[in-house]
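Scroll down for the structure; my scribbles are underneath it.
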Amino acid sequence: MVSVFVVIAVAIAGGTSYGIARLDSHIDGLLLSEVDQATFTFVDLPRSLVSLAGGDLEASLDGVRNHRWTSEDMCRQVAKAIDEVGWIARVDSVRRRAAGRFEIRATYREPAALVQLEDYFLLVDRSGVRLPGRYAYDPRWPVIQGIAAAAPGPGLKWSGGDLRAGLAVIDSIAHEPFSGQVTGVLVGNFGGRVDPRASHIELATDRAGGRIRWGSAPGLEVEENLVPHKVAILRQNYQRTGRLDAGYPVIDISTFADRFTVPR
């Protein structure tokens, strides 16, 4: 009697499992028939990059968009496609969700400055990597002028100490209250390559022709103010007068640790 009960129980369990399997298969079939194409979401794309990078990121997926979204290597294909876009520093994860939806998490490169080349501009991140696209002037970012090396391809680092110097200066004042009065960094005389006696780096201000003679590149100072001293002078000027240049067209902050000079 007991053995008969066990057989019946096993039969019922087996039938139930078979029924569930058929139901799962039926649901999978419905999902597959209803989803013709995978969809992709960049879940942590910074808001500041939506208009800049969104089109490039979406376009990079055109080659995999029509692939069978249930294929085992689909996540790998998606990661490979977007990893080649200059806006991406690192692909952190690609997860497949229901109904053909893929969630992409990545570490993005964000613009730090424009680099002027003839009549157009390129964007670079704070490490000197060129970002995709060509741009018109945009006051959201300071402009670095006078770069000697030719532009690399998108996603590649720009060579040359002049760009690194310009970015280091921008970074040193990025969080200062006067940073909005700096419109650009001039590095054409980096290392004194044009005139050893002139300031190697200058800041352009938002007044027509306004200049701050910065001096040497950060880290290359010899008998000259260091970056903290220079920034402190500009900060004091701003606190006293509301202007980093204290109201003068041109000032020099490279010589004295506690004050600026006005070139004649």
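Would you check which residues across segment 64-85 are closer than 13 Å to GLN37 by Cβ and not β-branched (Val, Ile, Thr) and list them?
Those that are closer than 13 Å to GLN37 by Cβ and not β-branched (Val, Ile, Thr): ARG65, ASN66, HIS67, ARG68, TRP69, MET74.
Within segment 236-259, count every residue that is of a type outside the set (S, T, N, Q) and in contact with an Asp or Glu (Cβ under 6 Å, 6 or more places away or on another chain).
Start the filter on segment 236-259 by keeping residues that are of a type outside the set (S, T, N, Q), which leaves 238, 240, 242-253, 256-259.
If we keep only those that are in contact with an Asp or Glu (Cβ under 6 Å, 6 or more places away or on another chain) as well, we get 251.
Total meeting the criteria: 1.
Please enumerate the residues belonging to segment 178-190 that are buried (at least 17 other Cβ atoms within 10 Å of the Cβ) and of a type in the set (Val, Ile, Thr).
Answer for segment 178-190, where residues must be buried (at least 17 other Cβ atoms within 10 Å of the Cβ) and of a type in the set (Val, Ile, Thr): VAL182, VAL185, VAL187.
Do you know which of the residues in segment 159-177 that are touching a Lys or Arg at 6+ places or on another chain (Cβ under 7 Å) and assigned to a helix (DSSP H, G or I) is surrounded by the most Cβ atoms within 10 Å (Cβ to Cβ)? Explain how you work it out, then say what you get.
Filtering segment 159-177 for residues touching a Lys or Arg at 6+ places or on another chain (Cβ under 7 Å) gives 167, 171, 176.
Filter once more, so that each one left must be assigned to a helix (DSSP H, G or I): 167, 171.
On the way: LEU167: 24, ASP171: 14.
For segment 159-177, the residue satisfying everything is LEU167.
Based on this model, can you work out whether GLY188 counts as touching a helix residue (DSSP H, G or I) at 6+ places or on another chain (Cβ under 9 Å) and on the phi < 0 side of the Ramachandran plot? Walk me through it before giving the result.
Working: touching a helix residue (DSSP H, G or I) at 6+ places or on another chain (Cβ under 9 Å): yes; on the phi < 0 side of the Ramachandran plot: yes.
Against the criterion (touching a helix residue (DSSP H, G or I) at 6+ places or on another chain (Cβ under 9 Å) and on the phi < 0 side of the Ramachandran plot), GLY188 qualifies.
Tally time: how many residues in segment 167-176 are without any contact (Cβ under 8 Å) to a residue 60 or more places away in the chain and more than 17 Å from the chain's Cα centre (by Cα)? So that I can check it myself, show each step before the final result.
The first filter runs over segment 167-176 and keeps only residues without any contact (Cβ under 8 Å) to a residue 60 or more places away in the chain, leaving 167-172, 174-175.
From what is left, the residues that are more than 17 Å from the chain's Cα centre (by Cα) are 169, 172, 175.
Of the residues in that region, 3 qualify.
Pairs only if they're at least six apart or on different chains, beta carbon under 9 angstrom, first in segment 247-259 and closer than 13 Å to GLN181 by Cα, second in a strand (DSSP E or B) and not aliphatic (A, V, I, L, M); list them, first residue then second.
Qualifying pairs under 9 Å: PRO249/THR205; PRO249/ARG211.
Can you pull out every residue in segment 136-151 that is over 15 Å from the mean Cα position of the chain (by Cα) and surrounded by fewer than 16 Cβ atoms within 10 Å (Cβ to Cβ)?
Scanning segment 136-151 gives ALA136, TYR137, ASP138, PRO139, ALA148, ALA149, ALA150, ALA151.
Working only within segment 204-242, note down all residues that are assigned to a strand (DSSP E or B) and either among the aliphatic types (A, V, I, L, M) or on the phi < 0 side of the Ramachandran plot (or both). Write out each step before concluding.
Kept after step one, since they are assigned to a strand (DSSP E or B), are these residues of segment 204-242: 204-205, 211-215.
Scanning segment 204-242 gives ALA204, THR205, ARG211, ILE212, ARG213, TRP214.
Can you tell me which residue within segment 134-146, out of those that are in contact with a Phe, Trp or Tyr (Cβ under 8 Å, 6 or more places away or on another chain) and in a loop (DSSP other than H, G, I, E, B), is farthest from LEU203 (Cα to Cα)? Reasoning before the result, please.
Let us first name the residues in segment 134-146 that are in contact with a Phe, Trp or Tyr (Cβ under 8 Å, 6 or more places away or on another chain), namely 134-138, 143, 146.
After this cut, where a residue has to be in a loop (DSSP other than H, G, I, E, B) as well, the list is 134, 136-138, 146.
Numbers: ARG134: 23, ALA136: 20, TYR137: 17, ASP138: 17, GLY146: 12 Å.
Looking at residues that are in contact with a Phe, Trp or Tyr (Cβ under 8 Å, 6 or more places away or on another chain) and in a loop (DSSP other than H, G, I, E, B), I get ARG134.
What single numbered condition from (1) exposed (fewer than 13 other Cβ atoms within 10 Å of the Cβ); (2) of a type in the set (Asp, Glu); (3) in contact with a strand residue (DSSP E or B) (Cβ under 7 Å, 6 or more places away or on another chain) fails to hold for ASP83?
(1)
Only the coordinates and a few stated rules stand behind these numbers; no lab work does. Model, not experiment: these values are computed from the prediction. For neighbour counting, all protein chains shown are included, and Cβ atoms are generated from backbone atoms with ideal geometry for every residue, glycine included.
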